[in-house]
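The values are calculated or read from the model by the stated rules, or taken from the named source; none is laboratory data. Keep in mind that this is a model prediction, so the values were computed, not measured. Reconstructed Cβ throughout: ideal geometry from the backbone, glycine too, with neighbour counts over all protein chains shown. Calculation scope for accessible area: heavy atoms of the full protein, side chains included, ligands and nucleic acids excluded. Shrake-Rupley method; radii C 1.70, N 1.55, O 1.52, S 1.80 Å.
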Amino acid sequence: MEIVICPDADEVGRVAAAKVAQVCRAAETPVLGLATGSSPLAIYRHLQAMVADGRLDLSGASAFALDEYVGLDPAHPESYRSVIHRTVTEPLGLDPARVHVPDGAADDLEEAAAAYDRAIRDAGGVDVQILGIGSNGHIGFNEPTSSFASRTRIKTLAERTRLDNQRFFDSLEEVPTHCLTQGLGTIMEARHVLLVAQGANKAPAVAASVEGPVSSMWPASVLQFHQHATVVVDEEAAAQLQLADYYRHVYAGKPAWQRFA
Ligand code: GLP
């Protein structure tokens, strides 16, 4: 696991976007794994700037979102379909036909979930999966005690997650109770995983997931088993990392050929 500590949230976005760009340039037709939430927004902004000035070509890229609410009209502005369209597909100029979001409005949710995993596989798998982290350590919507072997499936949202996401809705009652999310097993099949976190309220989850024992109580800790995992955090989110000085030392001493930002 590579841990990069950045001075502020915008630098987290710049460094993480550079990692995404590095992976995309090496892939013939890149397949992006997209996350919603506020954490990855700075990545998308920096990618947009790279596309705009010709440093990055995503015209052939396809993309798969991590998750979607169940029981929310896909046209609702806070459905993840809408959020991904607004924050990624349009600004990055991706082909909307190649941007996929789980179908949380399907009549048969189990089949929709299985079809989503098949679609990822048929696209050749995800090259780089962007991840935020919930304050309870969830990635996607894999709440604590999610199986490390899990595939895309229906999940019940933890109350803490509903409270965290209440800010996107008018009231807590409006926050959906269920979702479709890629499983931890699905996420772990991406060739690179890139987790970003900013702010003090993420510090306990970051420390437990990066340095704690691997446990489904902190779902993001499964990333310790990934061969190509990069974690980019700001100072506040890094505040509880015991080996922060070591990560800074490693990053500062990286040979040129290993650098991506
Ligand atoms: C959301 C999403 C996750 C996201 C996390 C943190 O509910 N399902 O993919 O990483 O919670 O969100 P934020 O980045 O807004 O803190």
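Annotations
- Any hit, the range 71-86, residues being within 16 Å of the ligand (Cβ to nearest atom), of a type in the set (A, V, I, L, M, F, W, C) and under 18 Å from the mean Cα position of the chain (by Cα): yes
- Filtering the range 30-46 for residues that are away from the ligand (no atom under 16 Å from the Cβ), modelled with pLDDT of 95 or more and surrounded by fewer than 17 Cβ atoms within 10 Å (Cβ to Cβ) leaves an empty set.
- Restricting attention to the range 163-180 and to residues that are more than 10 Å from the ligand (Cβ to nearest atom) and in contact (Cβ under 8 Å) with a residue 40 or more places away in the chain, the residue that is farthest from S146 (Cα to Cα) turns out to be F169.
- Scanning the range 10-29 for residues that are open to solvent by less than 40 Å² (accessible area, probe 1.4 Å) and within 16 Å of the ligand (Cβ to nearest atom) returns V12, G13, A16, A17, V20.
- In the range 162-198, the residues that are open to solvent by less than 10 Å² (accessible area, probe 1.4 Å), part of a loop (DSSP other than H, G, I, E, B) and within 24 Å of V128 (Cα to Cα): Q182, G183, A190
- Just one of (1) within 30 Å of A205 (Cβ to Cβ); (2) surrounded by fewer than 14 Cβ atoms within 10 Å (Cβ to Cβ) fails for D107. It is (1).
- Total residues in the range 122-138, condition within 13 Å of the ligand (Cβ to nearest atom), closer than 30 Å to E28 by Cα and not in a strand (DSSP E or B): 2
- Some residue of the range 111-130 being on the phi > 0 side of the Ramachandran plot and at pLDDT 95 or above: yes
- If you go through the range 53-104 and pick out every residue that is in contact with a Gly (Cβ under 8 Å, 6 or more places away or on another chain), more than 23 Å from L180 (Cα to Cα) and open to solvent by 20 Å² or more (accessible area, probe 1.4 Å), you end up with 1.
- Filter result for G183 (more than 12 Å from the ligand (Cβ to nearest atom) and under 17 Å from the mean Cα position of the chain (by Cα)): yes
- Verdict on Y246 being part of a helix (DSSP H, G or I) and within 18 Å of A18 (Cβ to Cβ): no
- Filter result (of a type outside the set (V, I, T), open to solvent by less than 20 Å² (accessible area, probe 1.4 Å) and outside any strand (DSSP E or B)) within the range 139-161: G140, F141, E143, S146, S150, L157
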